[in-house]
Amino acid sequence: MTGEKRHYGEAVSRLSAAQKPGQGVPAYLRWVNRGIGRRMGAMAYVLGLSPNAVTLLSAAVSFTGIGIIALAAPNAVMSWLAVFLLLTGYALDSADGQLARLLGVSSPAGEWLDHVVDALRLPAFHLGVAIGLYRRADAEIWTAALAVAFALVASTWFIGQLLAEKLGPKSVRAPGSDARAWVSLAKQPYDVSTSFLTILFFPWLGTFIVLYAALLVFTALVAVLSLYRKYRWLASVTAGSSQEIS
């Protein structure tokens, strides 16, 4: 690639042609985030950045937004800035994989780094909310406990899904992977982008707590159902394999 002139428009076209299928993917991720990530990946390609550099940039941007939530005064300007940074980090999280495919350098090490950042970013967001609530004079301690609970739910679900993908046979699709397009809208409430958007209401404590608590309850219920289905799927796959061996 040394000395080769890289064109943004050509990179966007190539990434569009190689876009992942959207079955069962939440609406924002499917119709917004991947498109923004595609353009960010193309820009990173033109600038000569590596996929790992984009992953680390995603982490830096995301944790800056989390730091604002945790430490800044809860006003509208800071909330908008935090949401902008979080959604930018989310788009960059999509861009690193797209850039790797464009360059033909996808690797286990790069995928590992991406998952490590995701595994840290998910609970860190909610812990940032917990710190922000704890520091507020108008918030009671139980509101911070809600955010800690959300961090546990998000982290457990993420690891459960990741392990199911890794432990299940590659030739068999996990439950929910054949979902129709309309399911993308139904899945949007528990996409991480929805959690990020609740921060727009952070200055108005009562409204924020109602939205955030409702999202926690909904996410926890769906997570339990999802993890149960994946456990049953892995158990059935294991049982089938044992019968074939015997």
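Each reported figure results from applying straightforward, stated rules to the coordinates on display, with no laboratory input. Keep in mind the model is a prediction, meaning the values are calculated, not measured. Note that each Cβ is placed from the backbone with ideal geometry, even for glycine, and that neighbours are counted across all protein chains shown.
Starting with the fewest neighbours, write out Thr55, Thr198 ranked by other beta-carbon atoms found within 10 Å of each beta-carbon. Numbers along the way, then the final one.
Working: Thr55 25, Thr198 19.
Going from least to most buried by this count: Thr198, Thr55.
What is the extension gain from Val105 to Val222, computed as 0.36 nm multiplied by their sequence separation minus the C-alpha to C-alpha distance, in nm to one decimal?
Details: separation 117, 0.36 × 117 = 42.12 nm, distance 3.51 nm.
Answer, rounded to one decimal: 38.6 nm.
Anyone know which of Ser236, Ser106, Ser16 comes out most mobile in the 10 Å Cα GNM of the chain?
Sorting by GNM fluctuation, first place goes to Ser236.
Would you kindly state how much longer the chain becomes between Lys20 and Asp138 on full extension, computed as 0.36 nm times their sequence separation minus their alpha carbon distance, in nm to one decimal?
On the way: separation 118, 0.36 × 118 = 42.48 nm, distance 4.48 nm.
Once the chain is fully extended between Lys20 and Asp138, it gains 38.0 nm.
Apply 1/(1 + (r/R0)^6) to the Cβ-Cβ distance of Trp80 and Lys170, taking R0 = 51 Å, and write down the FRET efficiency to the nearest 0.05. Numbers along the way, then the final one.
Working: r = 42 Å, r/R0 = 0.83.
Efficiency for this residue pair is about 0.75.
Specify which residue in the list Trp112, Ile36, Ala181 is farthest towards the positive end of the charge dipole of the chain, using unit charges on the beta carbon of Lys, Arg (+1) and Asp, Glu (-1), about the Cα centre.
Farthest along the dipole direction, towards plus: Ala181.
List Leu221, Leu227, Leu102 from most exposed to least, where exposure is judged by having the fewest other Cβ atoms within 10 Å.
Values: Leu221 12, Leu227 17, Leu102 22.
Ordered from fewest to most neighbouring Cβ atoms within 10 Å, Leu221, Leu227, Leu102 come out as Leu221, Leu227, Leu102.
Rank by packing, highest mean first: peptides 136-147, 110-121, 77-88, with packing defined as the count of other Cβ atoms within 10 Å averaged across residues.
77-88, 110-121, 136-147
How big is the gap, in Å, between the Cα center of segment 15-73 and the Cα center of segment 204-227?
So the separation of the two Cα centres works out to 24 Å.
Please state, as a whole number in µm²/s, the translational diffusion coefficient that the Stokes-Einstein equation yields for the chain at 4 °C and 1.567 mPa s, with Rh defined as the Kirkwood radius across alpha carbon pairs.
67
Taking the number of other C-beta atoms within 10 Å as the exposure measure, put His126, His7 in order starting with the fewest.
Values: His126 24, His7 13.
Taking fewest neighbouring Cβ atoms as first place, the list is His7, His126.
Could you give me the ³J(HN,Hα) list for segment 204-213, computed from phi with Karplus coefficients 6.51, -1.76, 1.60 and θ = phi - 60°, whole Hz, x at Gly and Pro?
Calculated HN-Hα couplings, in order: 9, 4, x, 5, 4, 5, 4, 5, 5, 5 Hz.
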